[in-house]
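Since the structure comes first, as structure tokens, the remarks are kept for the end.
The values are calculated or read from the model by the stated rules, or taken from the named source; none is laboratory data. This is a predicted model, so every value here is computed, not measured. Every residue, glycine among them, receives a Cβ derived from its backbone with ideal geometry; neighbour counts consider all protein chains shown.
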Amino acid sequence: MWPIVLRSGDGRARVRPWWNDPMVAQLTFIDHGVVPTSTALRVWLCELRARGFASVRTGAVTEACADVLGRQGFEILQRLHLLDLSLIGWQPPQGDHIRGRRLRVRELAQAAEVDRAAFTDRWAMDERGITETCEATPAHRAHTVDGERFGHDSLAGYAITGRADHTGYLQRLAVDPDCRRGGVGLSLTTDSLIWMRRRRLTRAVVNTHTDNDGALALYQRVGFRVLPHQLAVLVRRLDDV
């Protein structure tokens, strides 16, 4: 049954129960850059309440979309820095590099465990969320670093990289807290950028929590710059629709 797709004349959104609370609807806008009208949002909220949800939370949206959502009673739950990097002439940082490999489908449960350890239950993705992240762009690559060198039986970290037109997206980067400061995040980020460059993409984009100083420092180290506009995750209760 899940996910379902909500449609209006000016946009679409994918909905499924949030993995950590089935009473919360996870709303992800499919058509990037398309802001739904207030009328469409009201219809969608009524449908979500009719399906038994108590509240709804969005994925990361632009400031313009956040303004529309705010007029419909949504509140900002989290702000995100948006960063970009020009891949024209970009060179990988010098230093030791941990060799990674492809993330296998049978390892999605392990990747979800790493995600939960890295982001906590409040922001983590489950196996389905990881799969949907992979499917969000026309082409993607899921890469991982084994935890063996850190004394772990599972994964040390993983990254999902997507491609759309001439832009590459570092869609998800998660490192097990026990393996941080060991070069895992830097290696996975560098691998993602090399993958983009080999496909002759011209720009890379990533976002991170505004209070995630470690991730921000990592991305700036490899050449990303913080853009002046931010993204936001919003939430709304449905008891008054």
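Taken as a whole, the structure leaves L48 outside the set of residues that are under 18 Å from D67 (Cα atoms) and of a type in the set (A, V, I, L, M).
Within segment 164-184, track down each residue that is under 14 Å from the mean Cα position of the chain (by Cα) and of a type in the set (K, R). If the condition is that a residue be under 14 Å from the mean Cα position of the chain (by Cα) and of a type in the set (K, R), then R172 is the only one that fits. Is segment 127-144 home to any residue that is over 17 Å from the mean Cα position of the chain (by Cα) and either at pLDDT 95 or above or closer than 22 Å to R99 by Cβ (or both)? No, segment 127-144 has no match at all. Screening segment 92-151 for residues that are basic (K, R) and farther than 30 Å from A25 by Cβ and picking the one that is surrounded by the most Cβ atoms within 10 Å (Cβ to Cβ) gives R149. On inspection, L45 passes the criterion of being out of contact with any Ser or Thr (no Cβ under 9 Å at 6 or more places or on another chain), crowded, with 20+ Cβ neighbours inside 10 Å and not polar (S, T, N, Q).
Checking the conditions here, which among I98, I76 is at pLDDT 95 or above and among the β-branched types (V, I, T)? I76 is the lone residue from the list that is at pLDDT 95 or above and among the β-branched types (V, I, T).
In segment 213-241, the qualifying residues are those that are surrounded by fewer than 15 Cβ atoms within 10 Å (Cβ to Cβ) and part of a loop (DSSP other than H, G, I, E, B), and the one that is modelled with the lowest pLDDT is D240. Here T210, T161 are screened, and the one residue that is without any contact (Cβ under 8 Å) to a residue 60 or more places away in the chain and either in contact with a His (Cβ under 9 Å, 6 or more places away or on another chain) or of a type in the set (D, E, K, R) (or both) is T161. Looking at segment 170-183, is at least one residue surrounded by 17 or more Cβ atoms within 10 Å (Cβ to Cβ), out of contact with any helix residue (DSSP H, G or I) (no Cβ under 8 Å at 6 or more places or on another chain) and outside the structural domain of G157 (by TED's automatic domain parsing)? Within segment 170-183 (the criterion being surrounded by 17 or more Cβ atoms within 10 Å (Cβ to Cβ), out of contact with any helix residue (DSSP H, G or I) (no Cβ under 8 Å at 6 or more places or on another chain) and outside the structural domain of G157 (by TED's automatic domain parsing)), the answer is no, since none of the residues qualifies. From the list A54, A64, A13, the lone residue that is farther than 26 Å from V222 by Cα, crowded, with 18+ Cβ neighbours inside 10 Å and aliphatic (A, V, I, L, M) is A13.
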